[in-house]
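Asker: One structure coming up, written as structure tokens, with questions to follow.
The values are calculated or read from the model by the stated rules, or taken from the named source; none is laboratory data. Just so it is clear, the structure is predicted and the values come from calculations on it, not from any experiment. All Cβ positions, even for glycine, are placed from backbone atoms using ideal geometry, and neighbour counts span all protein chains on display. Accessible surface is based on the protein model in full, side chains and every heavy atom, while ligands, DNA and RNA are left aside. Shrake-Rupley method; radii C 1.70, N 1.55, O 1.52, S 1.80 Å.
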Amino acid sequence: MRKADSLRQWLTAFLPDLKTHPDRLQIYVEGGQIGTRQSRTLSFVYAYTLKVGIWEFAGDADTIMVPMLAWIEKEQPQLLRRTDAQPFTFQAELLDSEASDILISIDLTETVLVLPRADGSGYDVQHPAEPNFCDAFDGVTASFLQGFGNTELLVETSDPNADLTPAIPPNA
């Protein structure tokens, strides 16, 4: 399941405290299932809830939520099209006036294509990219290069693999 590792790398890149204290980030899978039907291939879908624990976080929650939304846009964009407009849930325990423990729960899927080799020597396994919904409306995108909380820059990326466009901060 590659998305757990992808999210770990993403959050570590955007939250410098996690580079210094990697033990403050825990990611694990809960309630995993395999979805498949009998067919000509052994292709399947992982479906699971990813739990992301960020412990002793001393900062504004926006600095976590904005990178989470940017990652979702890249790795599970259909969550941003949910009718309930709730791509993930979270819980927070306030430890003191400066720090909290935050637990994020996000329901993910990963398609795995298992294709038999023509020569019968085995199978090739592929993890296709998620569909890109950024061009769903002509001239409108929902991508992030920068994320703002009011007029404060909260997050920015130069990730060459990210399909991102600038976000414009609101006028103060």
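Asker: Report, to one decimal in Å, the Kirkwood hydrodynamic radius for region 33-125 based on all distinct Cα pairs.
Answerer: 16.0 Å
Asker: Still on this structure, please answer the following. Given H placed on each backbone N at 1.01 Å, which residues far from GLU56 in sequence or on other chains put an amide H within less than 5 Å of it?
Answerer: Amide H to amide H, under 5 Å and 5 or more residues apart or across chains, GLU56 pairs with SER100, ASP101, ILE102.
Asker: Sticking with this structure for a sec: If R0 is 35 Å, what FRET efficiency do you get for ALA47 and GLU93 from their C-beta distance, rounded to 0.05?
Answerer: 0.80
Asker: Please list, in order along region 25-31, the HN-Hα scalar couplings obtained from phi with the Karplus expression 6.51 cos²θ - 1.76 cosθ + 1.60 (θ = phi - 60°), rounded to whole Hz, x for Gly and Pro.
Answerer: Here the 3J(HN,Hα) series is 10, 10, 10, 8, 9, 10, x Hz.
Asker: Using amide H atoms built in the peptide plane, which far-off residues or other-chain residues are under 5 Å from LEU42 H to H?
Answerer: VAL114
Asker: With θ taken as phi - 60° and the coefficients 6.51, -1.76 and 1.60, list the Karplus ³J(HN,Hα) couplings across region 60-69 in order, rounded to whole Hz; mark glycine and proline as x.
Answerer: So the Karplus estimates, Gly and Pro as x, are 6, 4, 4, 5, 9, 5, 5, x, 4, 5 Hz.
Asker: Taking each pair of different alpha-carbon atoms in region 1-54 once, compute 1/r for the pair, average those values, and report the inverse of that mean as the Kirkwood hydrodynamic radius in Å to one decimal.
Answerer: 12.9 Å
Asker: Also, quick follow-up: Spelling out what I want: for every residue of region 92-97, take phi, set θ = phi - 60°, compute 6.51 cos²θ - 1.76 cosθ + 1.60 (Karplus), and round to whole Hz; glycine and proline get x.
Answerer: 9, 10, 7, 7, 7, 6
Asker: Quick one: if you stick a label point 7 Å off each Cα along the C-beta vector at ARG37 and HIS127, how many nm between them?
Answerer: Here the answer is 2.5 nm between the modelled labels.
Asker: Whole Å is fine, so just give me how far the alpha carbon centre of region 98-112 lies from that of region 1-66.
Answerer: Taking the Cα centre of region 1-66 as reference, the centre of region 98-112 is 6 Å away.
Asker: Still on this structure, please answer the following. Solvent-accessible area per residue for region 23-139 at a 1.4 Å probe radius, Å²?
Answerer: 62 Å²
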